[in-house]
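The structure under discussion appears below in the form of C-alpha cells.
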Amino acid sequence: MKQMVDKTRARLAVWAGAIVIVTGCFTAYIPAIEAGFIWDDDKYVTANPLLIAPDGLYRIWFSTDSPSQYFPLVYTTFRAEYQLWGLNPAGYHTVNVAIHCINTLLLWVILRRLSIPGAWLASAIFAMHPVHVESVAWITERKNTLMLLFSLLSSLCWVKFVFDNQSSRKAILLYACSLVFCALSLFSKATACMLPAALVLILWLKNSPITVKRWLQIVPYIAIGIGDGLLVMWWERHHQGTGFVNFGLSVTEKVLIASKALWFYLWKLVWPVNLTFSYPRWNIDATDVWQYAWPVSFAAVMAAGWLLRKRTGRGIPTAIIFFPAMLFPMLGFFSLYTFVYTFVADHYQYMASIGPIAIVAGIAATVYRRSGENAKFIIVPAVSVLLITLGVLTWRQCGIYKNSDTLWADTLKKNPDSWLAHGQTGESLFGQGKFDEALIHLDRQLELASYLKKIHPMAYSDVYYCKGLIFSAKGKLQEAAEQFKLSLEIDEKSAVAHYLLADVLVKQGKIEEAITHLQRGFEIAKAKGANNLAEEIRHRLETIEKQKTGD
C-alpha cells in the first residue's frame, strides 16, 4: 500500500513539475507569440517561393533553391504551417515556443535517466533563461529549436539502447530511431554534427566501457555528421557567399576568438543583461599578451574539472567538456558568414548551455540534500526567485523581437557601433520615405564597416547602391549614378549595381552607356545562376533596344 502511495505521489510530482515548466515557459514567451516577422524571416517565410510552389517540397530537399543553407526540415515545417495559417506570425511563434517547451521536458527526462542531480531545476532554468530568447522568439531560428528537439530524441534513444536491458529486436529499433533522429537534427541545422561527441560523453559519464563495439556503433553518427557538414560548407561557399569572404585569420587568432567566445557565453549565462541581437565585433591582436588569458584560463578550468573528477564525480567534467564541444562549430575554427559583423550570438549556445546550467542545478540540488531543515527554507525561496527573475528577463527580452524596428533600435541602443543595425535601420527608413534620415545611417554604416573592403567587398559595395537608390528616389540622378559607380569600383561583379546604374543612365538619356551596363549585368547574373535577375535584365535590355531602334 505504501509503495502504491509513493508511486502515486511520484507521478503527481512529475506532472506538477511539467505543468510548472510549461506554464512558466509559455507565460514568459507571450510577447514573442504576439510579435511579428523580423530580419531574415522574409527569406525563410514571407518571401520564400518554396513554401507555395507546387514542386516546392521537392526543391526544398533535392535542389539548391533554398534561400539560405541546407535546412530542408526547417523549410518543410514552414511550408506545412503556411498551409495552416498563411503569413500569420503568431502561428510560427507559437510552434517555436511549443518546441522549446518540449525540448525542456525532454532534457528533464534525459537528465533524470542519467541520474543527474537537480534535473528538474536544470530544465526549468533552461526553459526560462533569457539567453535562449533569440532561438525561440526569432522565427528564422526554428532551425535551432528543431535541431535540439531531434538531438535530444536521438540521445534519449541512445540512452535506452545502451543502458536498458532490451530484447535484441527492441535494441535494434532504438538504435535505428536514434540514427534517424540524428539525421533529422542535421537536416534542421548542421551544428548537430557534434551530437556523436555528446553520445560518447554519456558513455563516459555513466562509466560504461567504450569498447570497439561501441565505437563501431558511433561511427554511423560521425559519418552522417561529416557528410552533412561537408555539404553545408560547400553550400555556404558556393551558394551563400562565404567563399567571397576573406577573413584572413591565423590559427592563433582563431584560438583567441574561440576562447574569448567561450568566456563570453558563460558570462551571459551567469549575468544575462544587455543581451543584444548583434554584439560588437572584437579586435583580435595576437601580439597582445593579455588576450592569451582567455585560452589559458579556460584550459585551467577544464584541467581543474578533470583533476577533481574523483572528488566531484564525472558529472562536472562531463558538463565542462560538453560546453565547448557543442559550441565547436560556431567558435571560429570554420568560417561563418556572421563573422563579418560579430563573432558571437546568443542563439549559438542554445544546446551548449545545457552543460553549465546542469552544473549549477546539480550543485544547488546537492547543497539542498546535504543542508539542514533551516537551510532548506532559504534554498527553496532562492530558487523560486531565480526562476521568476529569469522569466521576467525573458519576457522583457521577447519585447525586442516585436518587429524589425524594435529589434534594430534596441541593437543600436546597446551596440551603437553596429554597422549591421545602421544599415538595416537605413533601409527601413528608406522604405518609409525618410530619405535624409536613411542617408545618415548609411553613411554611418560606411564609416563603421570600412574593414569590409578587405574581407568582404561585396557587402561594403551594397551600401553604396542602397544610397544610389535613395538619391534616385529623390530625383538626384547624378548623385545616384555616382553612388552606383562607387559600388562597382569595389565590386565590379555586382549584377544588381549594373542594372540599377543602367536605369539611372536611361533617365539621364545616356542610352549607349546604359546598354553596356545591362549587357554586363546580364552576363554576371547568368554566370552566378541568378536566373530571375538575368531574365529581368534581359527584358529591360530588349525594351531599351527596341525604343532605340524606334527612335
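When Val200 is evaluated against the numbered criteria (1) touching a residue at least 24 places away in the same chain (Cβ under 8 Å); (2) under 27 Å from Phe334 (Cβ atoms); (3) surrounded by fewer than 21 Cβ atoms within 10 Å (Cβ to Cβ), which criterion, by number, is the only one it fails? Just one mismatch for Val200, condition (1).
Every residue in the stretch 392-427 that is in contact with a helix residue (DSSP H, G or I) (Cβ under 6 Å, 6 or more places away or on another chain) and under 22 Å from Ser450 (Cα atoms), please. Hits for the stretch 392-427 are Trp408, Thr411, Leu412, Asp417, Ser418, Trp419, Ala421, His422, Gly423, Gln424, Thr425, Gly426.
Among all residues of the stretch 224-240, there is at least one that is at pLDDT 90 or above, surrounded by 17 or more Cβ atoms within 10 Å (Cβ to Cβ) and assigned to a helix (DSSP H, G or I).
Annotation note: Cβ proximity below 8 Å between a residue of the stretch 256-270 that is assigned by TED's automatic domain parsing to the domain that holds Ile357 and under 17 Å from Met128 (Cα atoms) and a residue that is outside any helix (DSSP H, G or I) and among the β-branched types (Val, Ile, Thr) (sequence gap 6+ or interchain) occurs for Tyr265/Val344.
For Leu275, indicate whether it is farther than 18 Å from Leu327 by Cα, within 25 Å of the chain's Cα centre (by Cα) and surrounded by 18 or more Cβ atoms within 10 Å (Cβ to Cβ). It is true that Leu275 is farther than 18 Å from Leu327 by Cα, within 25 Å of the chain's Cα centre (by Cα) and surrounded by 18 or more Cβ atoms within 10 Å (Cβ to Cβ).
Close contacts from the stretch 170-181, counting a first residue that is under 10 Å from Phe150 (Cα atoms) and a second that is in a helix (DSSP H, G or I) and of a type in the set (Asp, Glu), with Cβ to Cβ under 8 Å and a gap of 6+ residues or different chains, come to none at all. Which ones in the stretch 196-219 are assigned to a helix (DSSP H, G or I) and among the β-branched types (Val, Ile, Thr)? Val200, Ile202, Val212, Ile218, Val219, listed by residue number.
Entry remark, the stretch 161-178: residues being surrounded by fewer than 17 Cβ atoms within 10 Å (Cβ to Cβ) and either assigned to a helix (DSSP H, G or I) or of a type outside the set (Asp, Glu) (or both) number 11 in total.
Lys268 falls short on exactly one of the conditions (1) in contact with a Phe, Trp or Tyr (Cβ under 8 Å, 6 or more places away or on another chain); (2) within 30 Å of Ser68 (Cα to Cα); (3) of a type in the set (D, E, K, R), and that condition is (1). Checking each residue in the stretch 419-441 for being in contact (Cβ under 8 Å) with a residue 24 or more places away in the chain and among the acidic types (Asp, Glu) picks out only Glu427. From the list Thr394, Thr411, the one residue that fits, being closer than 24 Å to Pro280 by Cβ, assigned by TED's automatic domain parsing to the domain that holds Thr27, in a helix (DSSP H, G or I) and among the β-branched types (Val, Ile, Thr), is Thr394. Taking Ala124 as the residue in question, decide whether it is under 20 Å from Phe322 (Cα atoms), crowded, with 24+ Cβ neighbours inside 10 Å and over 17 Å from the mean Cα position of the chain (by Cα). In short, yes.
Collect the residues in the stretch 517-551 that are closer than 22 Å to Asp462 by Cβ and among the β-branched types (Val, Ile, Thr), keeping them in residue-number order. Listed by number, the residues that qualify are Ile524, Ile537. Does Tyr82 satisfy being in the same structural domain as Trp120 (by TED's automatic domain parsing), surrounded by 14 or more Cβ atoms within 10 Å (Cβ to Cβ) and within 20 Å of the chain's Cα centre (by Cα)? So Tyr82 does not fit the description; no.
Check whether at least one residue in the stretch 493-502 is without any contact (Cβ under 8 Å) to a residue 24 or more places away in the chain, surrounded by fewer than 23 Cβ atoms within 10 Å (Cβ to Cβ) and not aliphatic (A, V, I, L, M), and report yes or no. Checked the stretch 493-502: no residue is without any contact (Cβ under 8 Å) to a residue 24 or more places away in the chain, surrounded by fewer than 23 Cβ atoms within 10 Å (Cβ to Cβ) and not aliphatic (A, V, I, L, M).
The values are calculated or read from the model by the stated rules, or taken from the named source; none is laboratory data. Just so we're clear, the structure is a prediction, and the values are computed from it rather than from any experiment. Backbone-built Cβ (ideal geometry, glycine too); neighbour counts: all protein chains shown.
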